[in-house]
1. Need the failing condition index for Arg149 against (1) closer than 28 Å to Gly48 by Cβ; (2) among the charged types (D, E, K, R); (3) modelled with pLDDT of 90 or more, just the number.
2. For Thr38, are the conditions met, namely being out of contact with any strand residue (DSSP E or B) (no Cβ under 9 Å at 6 or more places or on another chain), surrounded by fewer than 19 Cβ atoms within 10 Å (Cβ to Cβ) and at pLDDT 90 or above?
3. Out of the residues in region 179-214 that are assigned to a helix (DSSP H, G or I) and within 16 Å of the chain's Cα centre (by Cα), state the one that is nearest to Ile82 (Cα to Cα).
4. Cβ-Cβ under 8 Å, sequence separation 6+ or interchain: first residue in region 185-214 and within 17 Å of Asn42 (Cα to Cα) and aliphatic (A, V, I, L, M), partner open to solvent by 90 Å² or more (accessible area, probe 1.4 Å) and outside any helix (DSSP H, G or I). Which pairs?
5. Under 8 Å between Cβ atoms, at least 6 apart or on separate chains: pull out the pairs that start in region 61-90 with a residue that is over 23 Å from Ile182 (Cβ atoms) and in contact (Cβ under 8 Å) with a residue 60 or more places away in the chain and end on any residue that is in a helix (DSSP H, G or I) and of a type outside the set (Ser, Thr, Tyr).
6. For region 102-144, which positions are surrounded by fewer than 15 Cβ atoms within 10 Å (Cβ to Cβ) and either in contact with a Cys (Cβ under 8 Å, 6 or more places away or on another chain) or assigned to a loop (DSSP other than H, G, I, E, B) (or both)?
7. Being in contact with a His (Cβ under 6 Å, 6 or more places away or on another chain) and in contact (Cβ under 8 Å) with a residue 60 or more places away in the chain narrows it down to one residue among Leu105, Leu129, Leu133, Leu116; which is it?
8. Being in contact with a Ser or Thr (Cβ under 6 Å, 6 or more places away or on another chain) and either assigned to a helix (DSSP H, G or I) or open to solvent by 30 Å² or more (accessible area, probe 1.4 Å) (or both): is that true of Arg149 here?
Amino acid sequence: MIVTFWRAALVARRFIMTEAVKPTIVFVLGPPGAGKGTQSLNIVKEFGYVHLSAGDLLRAERNSPGSEYGELIETHIKNGSIVPVAITISLIERAMKESASTKFLIDGFPRNEDNLQGWNDRMDDKTNLKFVLFFDCSEDVCVQRCLYRGEQQAKAGAKRSDDNLDSLRKRINTYTNSTRPIIDHYQKLNLVRTVNAAGTEDEIFGEVKKLFSG
């Protein structure tokens, strides 16, 4: 009886400790085409993080049959504008809860002041922000990469609706006016780790590894 009680108490203690663990978060930011998704996948393989792309989660929700947000999300994606923060955060939080991991790369978020405020209000006390990984890349390089990606995906029959020049210009304008100030905000808090994203995939990941290995 005593042994059984002791084991039950130990299990309960472990459960409480597990519940108390806050997930470690790395925000991944940069202009469209900077390589955020590609490098996030490399980080997943090398360091065991779970990659949550805000854009991918929104596109999946858009394509989900019967989604009440599908049409709204599609409109924002085509216009290069930002989906309401409550929708994006709810999708991110749901994906985190469905995962067994405690380490997450959140790619493409927060993208504006509203995103930042929404995250701070709803998720800041539930998570630990390790740093913001910023992929810095020129507009010309980013545009060419996105157009090339669109061409390759079109050949495979899976072209993204926003990988065209008109949508790209809008997305870059949104990044410049809305997302870059968020990076500047975290820079003042000494939480930004900047990587020059103009090189090859291997060159860029060589710099990324230094940040996660330290």
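1. It is condition (3) that Arg149 fails.
2. Values: out of contact with any strand residue (DSSP E or B) (no Cβ under 9 Å at 6 or more places or on another chain): yes; surrounded by fewer than 19 Cβ atoms within 10 Å (Cβ to Cβ): yes; at pLDDT 90 or above: yes.
Here the answer is yes, as Thr38 does meet what is asked.
3. Taking region 179-214 and keeping what is assigned to a helix (DSSP H, G or I), we get 179-188, 201-213.
When the remaining residues are screened for being within 16 Å of the chain's Cα centre (by Cα), the result is 179-180, 182-183, 186, 208.
Numbers: Thr179: 10, Arg180: 14, Ile182: 14, Ile183: 16, Tyr186: 20, Val208: 27 Å.
Residue satisfying both the conditions and the ranking: Thr179.
4. The qualifying pairs are Ile204/Asn196.
5. These pairs meet every condition: Glu74/Arg62.
6. Selection gives Ser138 alone.
7. Residue meeting the stated conditions: Leu105.
8. no
The values are calculated or read from the model by the stated rules, or taken from the named source; none is laboratory data. None of the values given here were measured: they were computed from a predicted structure. Ideal geometry is used to build each Cβ from the backbone, glycine not excepted, and the neighbour counts take in all protein chains shown. Keep in mind that these areas ignore ligands, DNA and RNA; they rest on the heavy atoms of the full protein, side chains included. Shrake-Rupley method; radii C 1.70, N 1.55, O 1.52, S 1.80 Å.
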